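Data block below; observations after.
The values are calculated or read from the model by the stated rules, or taken from the named source; none is laboratory data. Since the model is a prediction, treat every value here as computed from it, not as a measurement. Cβ sites come from the backbone with ideal geometry, for glycine too, and all protein chains shown count toward neighbours. The area values use the complete protein model at the heavy-atom level, side chains included, leaving out ligands, DNA and RNA. Shrake-Rupley method; radii C 1.70, N 1.55, O 1.52, S 1.80 Å.
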Amino acid sequence: MIEMEGVVKYYRQARGGVHALRGVDFSVADGEFVAVTGPSGSGKSTLLNILGCLDRPDGGEYRLAGRSVAHLRPAQLAEVRRKVIGFVFQSFHLLPRMTAQENVELPLMLSGIPLPFRRKRAGELLEKMGLGDRLHHLPGELSGGQRQRVAIARALVKGPEVIFADEPTGNLDETTGREIMEIFGGLHKEGCTVVLITHQPETARCAGKGYRMKNGRLERYF
């Protein structure tokens with residue numbers, strides 16, 4: 001699913017520059033649940049941006065679902081994001097004036113999917129997330145854990161090949177965070193490929209394979 005070989009990222013600044021990634025080698029097989037942890041400033045966010053086709057490397061090779069994406073044009077990268085990737089963020093990124101169901105439907109609506117299908121698909125996913133009785137609630141009427149469940153449903157709505165989860169428990173209490181990680185564990189058991197970015201080692205342990213990021217380098221630690 002994911003293959004990185006010698007990936008380098010360098011940010012130029014007024015006084016010198018920063019090597020955010022220093023020859024990263026990283027691979028994730030189809031259906032794996034992999035975590036990347038490390039302190040702030042270690043390069044995790046840069047790695048995620050490249051993995052998610054939000055940025056491009058300055059060197060090395062990156063292949064996603066068998067396709068080399070390192071040199072794709074912006075429109076091509078956007079197409080890969082739409083078709084291949086589902087994102088889950090720490091801050092949920094739900095639209096406040098849309099209901100839970102409408103938030104989940106949004107990616108399908110933007111792709112021109114007819115209303116009956118997208119309504120049915122969103123309802124099924126929210127039911128799966130335990131929110132069948134919250135379809136018509138606005139994000140402000142939901143708890144943090146419920147909002148994250150809506151965000152997970154939205155990430156799944158188009159059937160992506162890989163889910164990238166960026167600190168998905170960062171804004172949640174310990175108990176709710178465990179519940180969210182149980183959802184990711186369940187998705188993995190169903191065959192989803194999941195890449196988790198977290199600064200919490202205990203959260204990373206929920207994955208089947210763990211890497212640690214330090215000073216722009218990636219090393220396997222479980």
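For each pair in Lys9/Lys214; Lys44/Lys209; Lys189/Lys214; Lys9/Lys209, compute the distance between the two Cα atoms and list the pairs where it is over 19 Å.
From the list (Lys9/Lys214; Lys44/Lys209; Lys189/Lys214; Lys9/Lys209), the Cα-Cα distance tops 19 Å for Lys189/Lys214; Lys9/Lys209.
Within the accessible area of region 102-216, what % is carbon and sulfur when the probe is 1.4 Å and the other protein chains stay in place?
Roughly 50 percent of what the probe reaches on region 102-216 is carbon or sulfur.
Using 0.36 nm per residue of separation minus the Cα-Cα distance, give me the extension gain between Lys120 and Arg15 in nm, one decimal.
32.4 nm is the gain from fully extending Lys120 to Arg15.
Identify, among Leu126, Leu138, Val18, the residue whose Cα sits farthest towards the positive end of the charge dipole of the chain, taking +1 on the Cβ of Lys and Arg and -1 on the Cβ of Asp and Glu, with the dipole about the Cα centre.
Result: Val18, furthest along the dipole toward the positive end.
To the nearest 0.05, how large is the calculated FRET efficiency for Leu138 and Asn171 if R₀ is 25 Å and r is the Cβ-Cβ distance?
According to the calculation, E is roughly 0.90.
Would you mind working out the accessible area per residue for region 65-209, using a 1.4 Å probe, and quoting it in Å²?
Accessible area per residue, region 65-209: 50 Å².
How long is the gain from Asp58 to Gln76 if the chain were fully straight, where each residue apart is worth 0.36 nm and the alpha carbon distance is subtracted?
Computed gain between Asp58 and Gln76 is 4.7 nm.
Can you compute the label reach from Met109? Point 7 Å from Cα along the Cβ direction, backbone N cut-off under 20 Å, restricted to region 152-185.
152-160
Considering only region 114-222, what is the antiparallel percent among its DSSP beta bridges, to the nearest 5?
In region 114-222, approximately 45 percent of DSSP beta bridges are antiparallel ones.
Which value, in debye to the nearest 20, describes the size of the charge dipole of region 60-117 about its Cα centre when Lys and Arg Cβ atoms bear +1, Asp and Glu Cβ atoms bear -1, and nothing else is charged?
With only Lys, Arg, Asp and Glu charged at Cβ, the dipole is about 200 debye.
What's the magnitude of the charge dipole for region 37-186 around its Cα centre, counting Lys and Arg as +1 and Asp and Glu as -1 at the beta-carbon? Answer in Debye, nearest 20.
Around 620 debye, computed over region 37-186.
Figure the gain on full extension for Ser40 and Glu219 (residue separation times 0.36 nm, minus the Cα-Cα span) and round it to one decimal in nm.
Extra length from Ser40 to Glu219 when fully extended: 62.8 nm.
At a 1.4 Å probe, what is the % contribution of carbon and sulfur to the accessible area of region 17-81?
Ligands and nucleic acids excluded, carbon and sulfur give 48 percent.
List the relative contact order of the chain as a percent without decimals, with contacts defined as Cα pairs under 8 Å and 6+ residues apart.
30
Using a Gaussian network for the chain with springs between C-alpha atoms less than 10 Å apart, which of these wobbles most: Gly186, Gly41, Gly112?
Gly112
Which log10 I(q)/I(0) values does region 1-124 give at q = 0.11 Å⁻¹ under the Debye formula, counting every alpha carbon as one identical point scatterer?
-0.50
If the only charges are +1 at each Lys and Arg Cβ and -1 at each Asp and Glu Cβ, what is the size of the charge dipole of region 84-140 around the Cα centre, to the nearest 20 debye?
Here the size comes out at about 80 debye.
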